[in-house]
1. About the Cα centre of the stretch 246-307, how large is the charge dipole given +1 on each Lys and Arg Cβ and -1 on each Asp and Glu Cβ? Please answer in debye to the nearest 20.
2. Nearest-5 percent of antiparallel DSSP beta bridges in the chain?
3. Using a 7 Å offset from the Cα along the Cα-to-Cβ direction at both H239 and E146, what is the distance between the two label points in nm, to one decimal?
4. Let me have the relative contact order for the chain, percent, based on Cα pairs under 8 Å that are six or more residues apart.
5. Please state the charge dipole magnitude for the chain, taken about the Cα centre, from unit charges on C-beta atoms (+1 on K and R, -1 on D and E), reported in debye and rounded to the nearest 20.
6. Among F75, I134, G168, whose Cα lies farthest out toward the positive end of the dipole of the chain, if unit charges sit on the beta carbon of Lys, Arg (+1) and Asp, Glu (-1)?
7. Taking the Cα-to-Cβ direction at N133 and at F178 and moving 7 Å from each Cα, how far apart do the two end points lie in nm?
8. For every helix of n ≥ 4 consecutive DSSP H residues, a contribution of -39,500 (n - 2.57) applies; sum these over the chain, divide by its total residues, and give [θ] at 222 nm rounded to the nearest 500 deg cm²/dmol.
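Each reported figure results from applying straightforward, stated rules to the coordinates on display, with no laboratory input. No experiment lies behind these values; they were computed from the predicted model shown. Ideal geometry is used to build each Cβ from the backbone, glycine not excepted, and the neighbour counts take in all protein chains shown.
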Amino acid sequence: MNRVAERLNIKYPFIQGPMSWLTNAEFVAAVSNAGGLGILGPNAGQTTVTSDPRETAERMRTEIKKVQQLTDKPFGVTLIGSNGPDSSVFTLSILKVVIEEHVPVALINTVGAMGDGKAGIEPDLIKPLKEHNIKMVVRSWQPSIEDAKAVEAQGADVYVATGFDEGGTLPKDVLGSFSIIPMISDAVDIPVMLAGGISDARTAKAAFALGAEGVYVGSRLIPTFENPAAQVTKDVIVHSTAEDLKLFRVNPAYYRSLPTELRKQLVKNDQTQSEAEVRQSNAALMGGTSGMRIGMLEGDFEHGYVSVGTGISVIHEIQSVKDVIDEMMVGNEFN
Ligand SMILES: Cc1cc2nc3c(=O)[nH]c(=O)nc-3n(C[C@H](O)[C@H](O)[C@H](O)COP(=O)(O)O)c2cc1C
């Protein structure tokens, strides 16, 4: 049996990557009911910002309970890593809720290797997760052989290697999906999944051929009936190709967006400002992930941005989550 499916107790080795603002209980449950693993991401089910850790955790509890009403299949919640040795108060508050609500899988985002911190998972997350038998799937914002080995030694169940093809926050090392997956999967014994550019049966097949034991998908799942993104966002994705995307620098490394008014300024800054200047000025313009909420959830292409991966060229229609997963997985050799 496929090791990812076995370890996570799911039908297909398919994980829906968490996407800030663009997940909610209905979407996540649809992925899990279709045989993959749905993951509640940052701001799951929300339309407004809170900077209170207690409120953040309680909002996540409400969303977790909704998922549990919609599916009896496994699902996960994102725990965001820090730039230092200890987890943030936000992450620890969500960890507490994950344990109390018996969530079966934690998707741990490690960021240490991206900043000044160390590779691997923040040590304060590991013991509580292990004690409560919560599976650890780890995706670093800056994947590397060193990080994968550190995460393996810490007892993680699955590692996700991310190629530069992905949507969302891009790694600082420009390694495409084709290059990163054999490099990482050859370096460790735990199963490694590929994220970045997987949008149809062909790209999924390529991932498995290159050593991936599972596929980790974000952009392809935005133009689905169940995703909370605005209709105009879904429409623009199915009518765009990778040629419509532009890359620009921002903290911590790079981002891409489809055309919007805000993107014009982000790209202009990239072309005219120094490294130090552009990282700060573009981060301020994007307002953290607020620009994603405005652009993608609200569909305001003047003040927001539309972040997707380079795999969008093969997306031609808005479909149900189940149809997307079936088309990628049925008949594909993944054992
Ligand atoms: C709009 C958008 C938002 C994202 N937000 C997050 C996030 O908040 N946390 C995270 O770990 N990954 C985030 N990601 C990355 C996805 O989880 C996943 O790794 C990525 O989408 C895979 O590449 P693909 O888009 O080519 O399928 C985001 C991706 C997109 C497209």
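1. Working: 8 positive and 7 negative charges, 37 e Å.
I would put it at about 180 debye.
2. Antiparallel: roughly 20 percent of the beta bridges in the chain.
3. 4.6
4. Details: 773 pairs, mean separation 56.8, N = 335.
The normalised contact order for the chain reaches 17 percent.
5. Numbers: 30 positive and 41 negative charges, 34 e Å.
Here the chain has a charge dipole of around 160 debye.
6. Value computed over the given set: I134.
7. The modelled label-to-label distance comes out at 4.4 nm.
8. Details: 12 runs with 124 residues, N = 335.
Taken over the chain, the calculation gives -11000 deg cm²/dmol.
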